[in-house]
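The values are calculated or read from the model by the stated rules, or taken from the named source; none is laboratory data. If you're wondering where the values come from, they're calculated on a predicted model, not measured in any experiment. Cβ atoms come from the backbone with ideal geometry, glycine included; neighbour counts cover every protein chain shown. SASA here: full protein model, heavy atoms, side chains in, ligands and nucleic acids out. Shrake-Rupley method; radii C 1.70, N 1.55, O 1.52, S 1.80 Å.
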Amino acid sequence: MIYDLHTHSTASDGTLAPAELVRFAHARGVAVLALTDHDTTQGLGAAAQAAGAWGIHLVRGIEISVTWEGNTVHIVGLNIDPACVELQHGLAKLQTFRAWRAEEIGRRLAKAGVDGALDHALAYADGAAVSRTHFARFLVEHGHAKDMRQAFKRFLTRDKPGYVPGRWASLEEAIALIRAAGGQAVLAHPGRYKISATRLRLLATALKECGGAAVEVVSGGNSLEERASMAALARRVGLKASVGSDYHGPRIGYADLGDRLDLPAGCEPVWQDWAVSVDPPTERMLA
Ligand code: AMP
Ligand code: MN
Ligand code: MN
Ligand code: MN
């Protein structure tokens, strides 16, 4: 059974609408899918409806932006209740920062000679929370960069013209919000942070101490070596293991939906105690 516990939709910076994402998950043979948009639960209603139709077990999720010791890190929440008032209150604060940051990115890019960035980013976001991904798409499509990677590298990362330092949730706050909503907190894509192994262990330990549940051992096409080292980290700190593609849509992002997500041996899956029931999709579709 394929679990994919980290994905995005048009509710944040993905390119598939929630229902399209669920439909594609079905086509890819994913049985258990978590939609984990950045700092918003807006897509979960439509995803749940589509999951019912396609016989997929939808895990209601979130990916919360966190500022930890000067670094931006991401905490995935799994099995959250989106109706939780405390959670929504916390997310509203992050969205307020996101909206202000978008304006600030627009101003900074304009200063660097790139005009019209905010308007285009807002148009790409189409009412959803604006992310750097929307700016990157604009930069590529208007010839300022040859691809998304270069757009980030030249304009949107630390010390580059369009970079605005994050003022996101604290680690404690993010985990508290997820737990208040009944969810499990997972350290997302641990191999992608530009911090030393020692600091990564401190981060995982801090997550554990705040009541976090797991490390994303298998993440968006990471290498077997990295998976082994993250599995060792999880064991050492006493955390479970999660898996997720971090899918953002066809031809963009990190990995394909549901692709090669097997946990290495010796991991305790984050879904160990979940009650998962999935209808066999084929029977479902024949009915
Ligand atoms: P934000 O939360 O608005 O700061 O945007 C972060 C998002 O940008 C991540 O979730 C990724 O989807 C995307 N991203 C970050 N770095 C890169 C990169 N180097 N190439 C492509 N996408 C990236
Ligand atoms: Mn993203
Ligand atoms: Mn992330
Ligand atoms: Mn993500």
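Where Lys and Arg each count +1 and Asp and Glu each count -1, what net charge lies around D4 among other residues with Cβ under 13 Å from its Cβ?
Summing Lys and Arg as +1 and Asp and Glu as -1 gives -3.
Pick out which of G249, G43, G166 has the largest mean-square fluctuation in a Gaussian network model of the chain, springs linking Cα atoms closer than 10 Å. It is G166.
Please report the antiparallel percentage of the DSSP beta bridges confined to the chain, to the nearest 5.
Working: 13 of 31 bridges.
Expressed as a percentage, antiparallel bridges in the chain total about 40.
Report the FRET efficiency, 1/(1 + (r/R0)^6), for T67 and D119, where r is their Cβ-Cβ distance and R0 is 25 Å, rounded to 0.05.
That gives a FRET efficiency of 0.35.
When each of the peptides 221-228, 147-154 is scored by the mean number of other C-beta atoms lying within 10 Å of its residues, the order from highest to lowest reads 147-154, 221-228.
Ligands, DNA and RNA left out, the accessible area of the range 1-96 computed with a 1.4 Å probe is 54% carbon and sulfur. Heavy-atom accessible surface of the range 1-151, averaged per residue, reaches 40 Å², computed with a 1.4 Å probe. Between V278 and H89, what is the FRET efficiency for a Förster distance of 45 Å, r being their Cβ-Cβ separation, to the nearest 0.05? The value I calculate is 0.85. Of all lysines in the structure, the ones whose alpha carbon falls short of 29 Å from that of K160, not counting any fewer than 8 places away in one chain, are K93, K111, K146, K194. With each label modelled as a point 7 angstrom along the Cα→C-beta vector, the S170-K146 pair spans 4.5 nm.
Would you work out what percent of the accessible area of the range 148-287, with all protein chains in place, is carbon or sulfur (probe 1.4 Å)?
For the range 148-287, the apolar C and S fraction of the accessible surface comes to 51 percent.
Calculated mean residue ellipticity, 222 nm, the chain: -12000 deg cm²/dmol, from DSSP H runs (n ≥ 4) at -39500 (n - 2.57) each, averaged per residue and rounded to 500. Suppose R0 equals 41 Å; then what is the FRET efficiency for R28 and D159 from their Cβ-Cβ distance, rounded to the nearest 0.05? It comes to 0.60. With the cut-off at under 18 Å, measuring from each backbone N in the range 114-129 to a point 7 Å along the Cα-to-Cβ line of A17 picks out 123-129. Label separation (E225 vs R107): 4.4 nm, computed from points 7 Å beyond Cα along the C-beta direction. Comparing mean-square fluctuations of D246, D126, D37 from a GNM of the chain with C-alpha springs under 10 Å, the top value falls on D126. A straight chain from A53 to D262 at 0.36 nm per residue would run longer than the Cα-Cα distance by 72.6 nm.
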